[in-house]
Amino acid sequence: MEHAKRRAAILHEALPYIQKFSGKTVLIKYGGHAMVDPDLQQSFARDVVLLKQIGVNPVVVHGGGPQIGEFLQKLDIPSRFVGGQRITDDETMSVVEMVLVGKVNKEIVNMIQTAGGKAVGLSGKDGGLVVATRMKLEQESPDDAPPEIIDIGKVGQITKINPEVIESVESSGFIAVIAPVGRSRDGETLNINADTVAGELAAALGAEKLILLTDVPGVKSSDGWVQSLGVDAIAKLAEAGDVTGGMIPKLDCAANAVKGGVPEVHILDGRVPNVVLLELFTDEGVGTMITRGNDLKVRADA
């Protein structure tokens, strides 16, 4: 009986959040360990189906860097990076599109449908969803010379999001699953950072929340794990050396989404089963929340 009471209390706690998010869009960037662990895959798929069932509109944007690297290795195509960006020539771009759109995307769609949902796999090329231009990287030169411009190939930076295709999918009762491949105005296929696509798309859709799944419990400062973070305080963490590696593009993505009108962005540990539900439907929440302002609050148990 006590166990049953606890379960009932959990449902009561969730009710106001279900009411709050009903009819709203929640964009989830799916990546990290949650994409490769079979148990976590099933847990994620069930969570997404549950959201749709109770009236929330989940949209999934996925990565696939490790899968791309593995396939390139099998084909004896070297993986080269500059400034964290994969140098993408014609041959590499063909593999990127094949793996992201033809393999990873369809696997996620199949997972969601196996869990009882209805999903549609898309790339940023479909319906003109993501329009981009080639990215150029600048590398500092010695002796105060002008920075060197590095051509990294078919890597894109977004110039426009056309969300109509996603809105159409949502209104038809389907869950959109999006691979981060876009096209230029000239029809060139471009590889785009998945975090960037997630942030820009969340803003374009007017999402209520953007959730970024990663392999750490959130943002970490020198004082511990950060519970809440205002976009104006991100620079302080960077100056202190607390923001490094893969967290840099995630916080850039979060800041752009908030500035674009998304009320809250959450960086969550995707290794925790049902972490999306824990964030959305419990009083305490988990991970790091990014909002407007200059707030910086560390968890009491950090």
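The values are calculated or read from the model by the stated rules, or taken from the named source; none is laboratory data. Just so it is clear, the structure is predicted and the values come from calculations on it, not from any experiment. Calculation scope for accessible area: heavy atoms of the full protein, side chains included, ligands and nucleic acids excluded. Shrake-Rupley method; radii C 1.70, N 1.55, O 1.52, S 1.80 Å.
How much of the accessible area of the chain, probe 1.4 Å, is carbon plus sulfur, in whole percent? Each step should come with its number before you reach the end.
Values: 7200 of 14480 Å².
Using a 1.4 Å probe with all protein chains present, the chain comes out at 50 percent carbon and sulfur.
Tell me, what is the 1.4 Å probe accessible area of Arg80, in Å² to the nearest 10?
Ignoring ligands and nucleic acids, Arg80 comes out at about 120 Å².
Does the chain classify as rounded, prolate or oblate by the C-alpha gyration tensor (a ≥ b ≥ c root eigenvalues; a/c under 1.5 gives rounded; else a/b over b/c gives prolate, otherwise oblate)? Can you show the working numbers first?
Working: a/c = 1.77, a/b = 1.29, b/c = 1.38.
Oblate, because a/c is 1.5 or more while a/b does not exceed b/c.
Out of all DSSP beta bridges in the chain, what portion is antiparallel? Express it as a percent rounded to 5.
DSSP beta bridges in the chain are roughly 40 percent antiparallel.
Classify region 1-133: rounded, prolate or oblate, from the alpha-carbon gyration tensor (a ≥ b ≥ c, eigenvalue square roots; a/c under 1.5 rounded; otherwise prolate if a/b is larger than b/c)? Display every interim value, and only then the final one.
Details: a/c = 2.74, a/b = 2.08, b/c = 1.32.
Prolate is the answer for region 1-133, as a/c is 1.5 or above and a/b outweighs b/c.
Considering only protein heavy atoms, with the full assembly of protein chains and a 1.4 angstrom probe, order Met93, Met111 by accessible area, largest first.
Met111, Met93
What ranking of Arg183, Arg86 comes out by heavy-atom accessible area, probe 1.4 Å, highest first?
Largest accessible area first, the residues go Arg183, Arg86.
Using a 1.4 angstrom probe, figure out how much accessible area the chain has per residue, in square angstrom, rounded to the nearest whole.
Ligands and nucleic acids excluded, the result is 48 Å² per residue.
Rounded to whole Å and ordered largest first, report the semi-axes of the equivalent ellipsoid of region 156-256 derived from its Cα gyration tensor (root of 5λ).
After diagonalising the Cα gyration tensor, the semi-axes are 29, 17, 11 Å.
Each residue of region 251-260 in order: what ³J(HN,Hα) in whole Hz does its phi give by Karplus 6.51 cos²θ - 1.76 cosθ + 1.60, θ = phi - 60°, with x for Gly and Pro?
With coefficients 6.51, -1.76 and 1.60, one gets 6, 4, 4, 4, 5, 5, 5, 5, 5, x Hz.
By how many degrees, between 0 and 90 and to the nearest 10, does the Cα long axis of helix 194-205 differ from the longest principal axis of the chain?
Computed tilt is about 60 degrees.
Quick one: helix 65-74 against the long Cα principal axis of the chain, what's the angle to the nearest 10°, folded into 0 to 90?
50
Can you list the residues, at least 5 places off or on another chain, whose amide H is less than 5 Å from the amide H of Glu264, using H built in the peptide plane?
Leu210
Which angle from 0 to 90°, rounded to the nearest 10, does the C-alpha axis of helix 105-114 make with the longest principal axis of the chain?
Roughly 10 degrees, rounded to the nearest 10.
So if each residue of separation counts as 0.36 nm, and I subtract the Cα-Cα distance between Gln42 and Thr244, what length gain in nm does that give?
Full-extension gain reported as 69.7 nm.
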